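Peer 1: Here's a structure for you.
Here, each number is a calculation from the coordinates, and none is a lab measurement. None of these values were measured; they are calculated from a predicted model. Because the Cβ atoms are built from the backbone with ideal geometry, glycine has one as well, and the counts that use them run over all protein chains shown.
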Amino acid sequence: MDGLAASGCIDAQGRAIALRARLERPTALILRTRAEPQAALSCWIETRPQRVTLGEAEVETYLREIQAPAELRERWQQQRRAGAPWQESFVKQARLEHTPQAPADPAALRMPRSRGLEIRLLGDAPVQVGQALRAEVLLDGQPLAGQAVQLLGERLPLGPWRRSDARGQLEFPPLPLAGHWLLRSTRLLPPETPEGEWRSRFSTLLVLAP
């Protein structure tokens, strides 16, 4: 688990539960917890910073997929014309809300857990078909306005996008289908120098609509 900066779980009563490595591979890390399968849990991981170099075609696809704003696209074009490669330092934060049986009070499960980019559900309603999803985007524990977030489903691979409002909040329409749903977002910052690294934070939140 050397690649992780933080990890853990918490149950509906606010009790901390450790995540442990079950299997480590060069391209994957499988984690497990000793909690009961039907227990309501919120789990999260955050990676240590990693670095990557992308080709021009990869950058264009990447910027399109994360809904990068026009000013970042223009900054990349300036860098490309100057002949500078795309070099990036990134951190990934992943979170899941595991609620096979709706807890009486999910407040503990939805507390902020990360000091980076984070998506969390708002309110105390369980996730279910026919109900809208209300969420908040946080950066270093503070609401982040204007951040693009996409909702994806197991049978909805091209889901809708929303941008957080001045309070860092957003709402998606009622869920049409049961299954797992993923909220995802990427915050990208340009280099501080002409040949410096782009900096990004990736965040995902996985929930289940039974």
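Peer 1: Find which of LEU182, THR27, SER200 sits farthest along the positive direction of the dipole of the chain, computed with +1 on the beta-carbon of Lys and Arg, -1 on that of Asp and Glu, about the Cα centre.
Peer 2: THR27
Peer 1: Where is the GNM fluctuation largest for the chain (alpha-carbon springs, 10 angstrom cutoff): LEU170, LEU19, LEU29?
Peer 2: LEU29
Peer 1: Next up: So what is the orientation-averaged projected area of the range 116-210, using the convex hull of its C-alpha atoms, in nm²?
Peer 2: Here the figure is 6.7 nm², rounded to one decimal.
Peer 1: Tell me what the chain gives for mean residue ellipticity at 222 nm when only DSSP H runs of n ≥ 4 count, each as -39,500 (n - 2.57), the sum divided by the residue total, rounded to 500 deg cm²/dmol.
Peer 2: Details: 2 runs with 22 residues, N = 210.
Helices in the chain give a 222 nm mean residue ellipticity of -3000 deg cm²/dmol.
Peer 1: What's the percent breakdown of Cα-Cα distances in the chain across 10 Å bins, shortest bin first?
Peer 2: 8, 31, 35, 19, 6, 1
Peer 1: Return the sequence-ordered ³J(HN,Hα) values of the range 155-162 in whole Hz as given by the Karplus equation 6.51 cos²θ - 1.76 cosθ + 1.60 applied to θ = phi - 60°, using x for Gly and Pro.
Peer 2: Once rounded to whole Hz, the list reads 10, 9, x, 10, x, x, 10, 9.
Peer 1: Given charges of +1 on the Cβ of Lys and Arg and -1 on the Cβ of Asp and Glu, with all other atoms neutral, how large is the dipole of the chain about its Cα centre, in debye to the nearest 20?
Peer 2: 240
Peer 1: Just to be sure I understand the model, the point goes 7 Å from the Cα along the line to the Cβ. What's the resulting ARG51 to GLN78 distance in nm?
Peer 2: 2.4
Peer 1: Next question. Please list 182-191, 159-168, 76-85 highest first by mean number of surrounding beta-carbon atoms within 10 Å per residue.
Peer 2: Packing proxy ranking, top to bottom: 182-191, 159-168, 76-85.
Peer 1: Placing +1 on the Cβ of each Lys and Arg and -1 on the Cβ of each Asp and Glu in the chain, which of ILE45, VAL91, GLN169 has its Cα farthest towards the positive end of the resulting dipole?
Peer 2: ILE45
Peer 1: Something else about it: If the viscosity is 1.567 mPa s and the temperature 4 °C, what Stokes-Einstein diffusion coefficient in µm²/s follows for the range 168-210 when Rh is the Kirkwood radius over Cα pairs?
Peer 2: 98
Peer 1: Please list 3J(HN,Hα) in residue order for the range 92-98, calculated via the Karplus relation 6.51 cos²θ - 1.76 cosθ + 1.60 where θ = phi - 60°; whole Hz, with x for glycine and proline.
Peer 2: Computed from phi, the couplings for the range 92-98 are 10, 10, 10, 9, 9, 10, 9 Hz.
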